[in-house]
Amino acid sequence: MLQQLGTALNAHRLLRVHTHGLIALDQESPNTTTAQEKGYERQTKRGSATRSWEGSARRQRTPRGSRSAGAASRIRGNVLRAAYEGQVTSLAEAYPTLQTFPDDDGLWLLARSSIIPGLAREAIFLVALPYSPGLGPRAWAFWAAADADPKWIGPRHTNFQDGSICAFSPNDGAWAEGGDLRTLLDLYSVWTLRHLYLDCFGRWPGKQYGLFGVDPRVAAFYRRIECEDDELCGCGSETRRYANCCKPADLQLDFGQSAALFLDQIEGGFASRVPPPAVVAFMEGLSGIPPIADVHIQIKSA
C-alpha cells in the first residue's frame, strides 16, 4: 500500500484522507482537477503539497513591539480565535484523539494520525496556532510506538531554526490562516506519509521544492545535499528527476563557495533543523506544554 501511495504521489494523483488520518488512493478521481471534500473523507491535492517553505533564508521579522496592536489588529486576532475555536468539534470528529490547550497567544493542538492501516506506529502532531494574523502555524511531528519515546520526524522538509513541518507553501493555496483545520492536519498526515516512504524506500515521493528567494548557488547547494538522483528535482519539476534536471548544472558550481554562501544565508545551516527543547520535553512527558511565544519563531522575534 505504501509503495502504491508513493507511486500516486509521483504521478500527482489525488489521495483521500479518512478519519484518524488514514490515507488511501482516490479511486474516483484519477487526476487533481476534481478534488472536493466529502464528509470526513477528505480528498486532497497532493501533487505539490510538499513545497518547502523552509526556504526563505532571511525571514521577514515582525518589527519589535508591533504585537502591542491597535483595535484593528485585535479584531483580526479575534476573527482567527473564533475561526479556530469554532472548528474544534469538527476537527475532533476527523481526528478523534484531538486535545486542545489554550495559550496567551493562540491555541495548541495535539492529535494522532494513523497514516495507513496496520502501521505499528502513529504520528503525533503538536500544532501552535497563533491568533495574531500573519504569523501562521508552527507544527512538529513525532512517531509514537508502544514502549518507546516519541521520535521526531525529520529533518527532510522541515524548517530551518526549529525543525517544524514544511508541508506546503503559503503561495500554493493549499491552506491559509483561518482555514479548515482538518485540511491542515490532512496536509501534515500526507507529509508524514512521505517521510514513511522515505524511511522504507530511501527517496522522497512526489513533487518537492527546495529553497526560494536565495542566491542560486545556495539553492543548488541545498539540492546537492538533499535530493537523491531518482527523486523529482528540488526545483519543483513535476516530471524530471534530479539527475536529469538540475544536477548537471549544480555540479558545475564550486562546492566550497556554495557551502559558504549557504551557511552565510541560512543561520545554523542544516543542523538548525531540530525541534525546540521545550517541544521535545513536552512530547517525552518531561514538562508541561510550553507557551507558544517560547517556540514560535515569528512571535519570539516580535
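The values are calculated or read from the model by the stated rules, or taken from the named source; none is laboratory data. Please read all numbers here as calculations on a predicted model, not as lab measurements. Cβ coordinates were reconstructed from backbone atoms using ideal geometry, including for glycine residues, and neighbour counts include every protein chain displayed.
General observations
- Segment 262-273 - residue that is buried (at least 19 other Cβ atoms within 10 Å of the Cβ) and at pLDDT 95 or above and, of those, nearest to residue 155 (Cα to Cα): 273
- Within segment 156-185, residues that are under 19 Å from residue 79 (Cα atoms) sit with their Cβ atoms under 6 Å from residues that are among the small types (Gly, Ala, Ser), at 6+ positions apart or across chains, in these pairs: 178/83; 182/94.
- Residue match in segment 127-134 (condition: surrounded by fewer than 17 Cβ atoms within 10 Å (Cβ to Cβ), touching a Pro at 6+ places or on another chain (Cβ under 7 Å) and of a type outside the set (Phe, Trp, Tyr)): no
- Residue within segment 36-49 that is modelled with pLDDT of 50 or more and under 20 Å from the mean Cα position of the chain (by Cα) present: no
- Those strands (runs of 3 or more DSSP E) lying entirely in segment 95-177 with at least 2 residues among the aliphatic types (A, V, I, L, M): 106-113, 122-130, 138-144
- Scanning segment 196-218 for residues that are under 14 Å from residue 261 (Cα atoms), part of a helix (DSSP H, G or I) and touching a residue at least 24 places away in the same chain (Cβ under 8 Å) yields 217, 218.
- Residue list for segment 243-279, restricted to those being assigned to a helix (DSSP H, G or I) and under 20 Å from the mean Cα position of the chain (by Cα): 269, 270, 271, 272, 277, 278, 279
- Check on residue 74, surrounded by fewer than 17 Cβ atoms within 10 Å (Cβ to Cβ), at pLDDT below 95 and closer than 28 Å to residue 161 by Cβ: no
- Verdict on residue 174 being at pLDDT below 95 and closer than 26 Å to residue 227 by Cα: yes
- Scanning segment 157-184 for residues that are touching a Leu at 6+ places or on another chain (Cβ under 8 Å) and among the aromatic types (Phe, Trp, Tyr), we see that the one that is surrounded by the most Cβ atoms within 10 Å (Cβ to Cβ) is 168.
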